[in-house]
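The values are calculated or read from the model by the stated rules, or taken from the named source; none is laboratory data. Owing to the predicted nature of the structure, the values given are computational and were not obtained by experimental measurement. As a convention, Cβ positions derive from the backbone with ideal geometry for all residues, glycine included, and neighbour counts pool all protein chains shown. In case anyone asks, the SASA skips ligands and DNA or RNA and just uses the protein heavy atoms, side chains included. Shrake-Rupley method; radii C 1.70, N 1.55, O 1.52, S 1.80 Å.
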Amino acid sequence: MDERTNTDSWEELEHSCRGCMRCPLGQSRNSLVFGTGNRHARVMLIGEGPGEQEDKQGVPFVGPAGQLLDTMLAIIDLDRTKVYIANMVKCRPPHNRDPEQLEMDACSEWLDRQIKLVQPKIIVCVGRIAGKGLLRADLRITREHGTWQERQGILWMATFHPSALLRDPSKRPDAFEDLMVLRTLIRDNCPEVYDSDE
Ligand code: URA
């Protein structure tokens, strides 16, 4: 961030983020998982944090949950060229445990700056951890998934994490409903996402 002009750039953000050692996860990472996708996307997805595959490859959602996420996107005619994907924490928590508050706090500046640079119209919190971290600390994903709210000109929603859908397929119809609403919101608020296909 240039303090004099108060402007930011992807180059500067990525460079400072890649050197981050603000929390202990920086010591144990193999790769820092910065984010991927379209930096001008109207829709941004925010997950929890890298797992084993993501830590190896440096790209978010490339393991089994990522494959399901790609399928979920395809159901509503989206793919990684149309969305930007990031996580609450950029380094893998050991043994895939939930990221701790201290780790999410240490990492939040990077995500905030990514959101400001992308300027999405819609943000989907992928899973309980992102929903609690970004929407409300006491959010209950089973009750509040698919509920939309507007904040600072952005539409926000939390839905089930694909890992949760892999563990418990009975949640899939609810996740499907959330996707249908997401598609409608995209059509109503940023039709260019779909128009660019034509
Ligand atoms: N789960 C997440 O929340 N993010 C990833 O990048 C991979 C798995």
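Below are the figures for this structure:
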| quantity | calculated |
| --- | --- |
| Residue-level accessible surface for Asp77, protein heavy atoms, 1.4 Å, Å² | 80 |
| Average Cα contact separation per residue, the chain, under 8 Å, 6 or more apart, as relative contact order % | 22 |
| Accessible surface of Ile76 - all protein chains present, 1.4 Å probe, nearest 10 Å² | 0 |
| Where Trp148, Trp110 fall by accessible area, highest first, once all protein chains stay in place (1.4 Å) | Trp148, Trp110 |
| Helix-only [θ]222 nm of the chain, DSSP H runs n ≥ 4, -39500 (n - 2.57) each, per residue, nearest 500 | -12500 deg cm²/dmol |
| Accessible surface, 1.4 Å probe, highest first, among residues Val33, Val62 | Val62, Val33 |
| Length-normalised contact order for the stretch 1-97 - Cα pairs under 8 Å, 6+ apart - percent | 35 |
| Where N is the number of residues in the stretch 101-198, Cα Rg divided by 2.2 N^0.38 Å | 1.14 |
| Solvent accessible area, Å² - Phe176, 1.4 Å probe, full protein context | 90 |
| Set of the stretch 40-84 residues, backbone N closer than 14 Å to the point 7 Å along the Cα-Cβ line of Arg183 | 71-79 |
| Shape call, the stretch 1-67: gyration tensor on alpha carbons, a/c limit 1.5 | oblate |
| Estimated inter-spin distance, Lys56 and Glu150, nm [label 7 Å along Cα→Cβ] | 4.5 |
| Order by protection proxy (mean Cβ within 10 Å, highest first), peptides 16-28, 85-97 | 85-97, 16-28 |
| Around Gly37: net Lys/Arg minus Asp/Glu count, Cβ-Cβ under 11 Å | +2 |
| Tensor-based shape of the stretch 59-144 (alpha-carbon gyration tensor, a/c under 1.5 rounded, otherwise prolate or oblate) | rounded |
| Calculated P(r) of the chain - Cα pairs past 23 Å, % | 41 |
| Prolate/oblate/rounded call for the stretch 35-93, Cα gyration tensor, a/c under 1.5 rounded | oblate |
| Partners for Lys121 among lysines (Cα-Cα distance below 17 Å; same-chain residues under 8 apart left out) | Lys82 |
| Euclidean distance of C-alpha centroids, the stretch 113-163 and the stretch 17-80, integer Å | 16 |
